[in-house]
1. So B:ARG211 ticks every box in (1) open to solvent by less than 30 Å² (accessible area, probe 1.4 Å); (2) in contact with a strand residue (DSSP E or B) (Cβ under 8 Å, 6 or more places away or on another chain); (3) at pLDDT below 95 but one. Which box is left unticked?
2. Could you grab the pairs with beta carbons closer than 7 Å, sequence gap of 6+ or different chains, first residue in region B:150-175 and more than 30 Å from B:TRP202 (Cα to Cα), second one among the aromatic types (Phe, Trp, Tyr)?
3. Counting only residues that are open to solvent by 50 Å² or more (accessible area, probe 1.4 Å) and touching a residue at least 24 places away in the same chain (Cβ under 8 Å), how many does region A:216-237 have?
4. Within region A:130-179, which residues are among the acidic types (Asp, Glu) and at positive phi?
5. With closer than 21 Å to B:ARG97 by Cα, open to solvent by 30 Å² or more (accessible area, probe 1.4 Å) and either among the basic types (Lys, Arg) or assigned to a helix (DSSP H, G or I) (or both) as the only criterion, which of B:ASP156, B:ASP160 stands out?
6. Could you please let me know if A:ASN196 is surrounded by fewer than 22 Cβ atoms within 10 Å (Cβ to Cβ) and without any contact (Cβ under 8 Å) to a residue 40 or more places away in the chain?
7. Restricting to region A:113-138, what's the tally of residues that are touching a residue at least 60 places away in the same chain (Cβ under 8 Å) and among the polar types (S, T, N, Q)?
Amino acid sequence: MQYKMQAKNLNLYYGSKQALYNISLNVPTNKVVALIGPSGCGKSTFLKTLNRMNDLIESVHIDGDIFLDGNDIYAPDTDIVYLRKRVGMVFQRPNPFPMSIYENIAYGPRVHGLKNKNKLNEVVEKSLRSAALWDEVKDRLTDSAMGMSGGQQQRLCIARVLAVEPEVILMDEPCSALDPISTMKIEELVAELKKNYTIVMVTHNMQQAARVSDYTAFFLNGKLVEHDITDVIFTNPADKQTEDYISGRFG
Amino acid sequence: MENQVTRKAYIEDLARIQEKIVEMGIAAETAAKNSIKALLTFDKKLAAQVMESDDIIDKLLIEIEDSCILLIAKQQPIAHDLRVIATSFKISTDLERIGDHAFDIAKITYNLKKAFDFQDSHIKALADCAISMINMSIKAYKNADVNLAEKVCIEDDNADSLFAKTLTEISNQTSINTMPEFVFTSRYLERIGDHATNIAEWVIYLETAERIRKTKKI
C-alpha cells in the first residue's frame, strides 16, 4: 500500500506536559483516515503536526518523524508555506475571509503567484465545483462570503483549500458547527474528494467516522490505542477501550 | 438549498443488498425447480447439480448478512432503510432454507433406486404451487408489490391443502417402498411454501411497516 503521510514514533510536548506518546500512523494515499477519541485525547494536536500548525504555538516541541511522500516535514530545510499548500486544512468553524466569494477562492492562488485573470476564473470555478458549491453561488460570486449559510461557508473553506491544489486535506471537526443536511453534504463531498486527495479528519461524531472514513484511528490520553480499517474498528475492534468508546460506554 | 442526493454510497450499498436478495431468490427458485424436475424425471445428474449449487446460495447468505451488519454499524439506517436491513436478514434466511429443502429433495433423487411413480399424485401440483409461491414472493420483493405478496399468503392455504391431499394419497398406497421419500418430499415442498409465505409477509412489512401473519394483521 502507498502511504501519503507517515508518523513514526511521534512525541509532542506542550512545555513540560506530554500530549502525544509515541504515535506511529500511516495515512494511505487517496483514502480517508478518521481520528476519533474523547476531548483532550490528542487527535487535533496530532492532526496539526501533519502540516506543522503546532509551530505557531511557542511552547510546543516534538520528537519523532512525520513524512510526506517519504520526506521528513520537520527537516530544517522544509518550506513551511509550500508544505501547507500541499497539506491544506479545514477548521472546525467556517472561517471565510471578509471579502467576496470569488476573492476568498482567488486569494490563495494569487499568493502563490497566479495573476492571469482567465486562469484565476478557471481556478475559482473548478474549486467551487469540486466543493459542490458552484451551482449555489455562480450568480453571486461578488457577494460577500459572510452572507452565506454555515454549510456553504464551510464548503467555501474547502474550495479555498482546493484552489491551491493540495495533496492532503486535514479536516478538524469540519461539521461540528453545521446542521445535519450541511453535514451530509460535507460527508458526500469527502467521499468525492478522496478520489483526488488524501484526507485526514478529526471528528467527535463516531458515526461520521464510520460513514466517511476508510481507516479509523482511536486516540486516548495522547496515545494511539488502535487503528485499522473502519469496517473492522466498527464491527470487531481489537482493543476493549476502543469498543467501549465507540459503543458509548465512556467518553 | 437545492435537492442534492446525499449519502450516495450508502444508498448504493442498500440497493446492492436488495439486488443480492433477488439474486439469491432466483438461485433458490432455480434450485427448487431443478430438484423437482430431477425427481420427476429421475435425473441423478441434475440432482447432483442442485446439491452442488447449494454452496452458491449459502455464500450469498453470508454476503448479505455481512453487508447488513456493516451498514448497521456504519450508517445507522432508519425507517424504510432499517426495514430493508431487517427484512434482508429474515428473507435471506428463508431463501437459504428453501435452498436446503431443494438440496434435500435432490438428495432423495440422488439416492433413489428406481423412479418415483407420480401417476395420479398431487405432489406435482404441490411442487408447482410451492415454486410459483417462491417466484411470486421474489417478484413482490423486487417490485415492492404488496398485492402480489398478499396473493402469496393466500396461496399458502392451497399449498397446505395439496400437502394434506398428498399425505392422504401416501397413506392409501399399497406399495410402501418409497413411502418415506414421498412423505419427506411433500413435507419439504410444504415447508418451501411456508418460507415463500414468510418472505411475502416480510415484503408487506418492508413496504407498509405492518406485521402480517397469514394475511391477518397482528
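1. (1)
2. B:ILE170/B:PHE182
3. Qualifying residue count for the region: 3.
4. So the first thing to find is which residues in region A:130-179 are among the acidic types (Asp, Glu), and the list is A:135-136, A:139, A:143, A:165, A:167, A:172-173, A:179.
If the condition is that a residue be among the acidic types (Asp, Glu) and at positive phi, then A:GLU165, A:GLU173 are the ones that fit.
5. B:ASP160
6. Details: surrounded by fewer than 22 Cβ atoms within 10 Å (Cβ to Cβ): yes; without any contact (Cβ under 8 Å) to a residue 40 or more places away in the chain: no.
No, not satisfied.
7. Of region A:113-138, the ones touching a residue at least 60 places away in the same chain (Cβ under 8 Å) are A:130, A:132.
Now narrow it down to the ones that are among the polar types (S, T, N, Q): A:130.
The number of residues fulfilling the criteria is 1.
This table checks each residue for (1) out of contact with any Cys (no Cβ under 9 Å at 6 or more places or on another chain); (2) at pLDDT below 95; (3) not polar (S, T, N, Q).
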{"site": "A:LEU68", "(1), (2), (3)": "yes, no, yes"}
{"site": "A:ASN71", "(1), (2), (3)": "yes, no, no"}
{"site": "A:ASP77", "(1), (2), (3)": "yes, yes, yes"}
{"site": "A:ASN104", "(1), (2), (3)": "no, no, no"}
{"site": "A:VAL111", "(1), (2), (3)": "yes, yes, yes"}
{"site": "A:LYS115", "(1), (2), (3)": "yes, yes, yes"}
{"site": "A:LEU133", "(1), (2), (3)": "yes, yes, yes"}
{"site": "A:GLU136", "(1), (2), (3)": "yes, yes, yes"}
{"site": "A:LEU141", "(1), (2), (3)": "yes, no, yes"}
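The values are calculated or read from the model by the stated rules, or taken from the named source; none is laboratory data. Quick caveat: nothing in here was measured; it's all calculated off a predicted structure. Every residue, glycine as well, gets a Cβ built from its backbone with ideal geometry; the counts of neighbours run over all protein chains shown. With ligands, DNA and RNA removed, areas are computed over all heavy atoms of the protein, side chains included. Shrake-Rupley method; radii C 1.70, N 1.55, O 1.52, S 1.80 Å.
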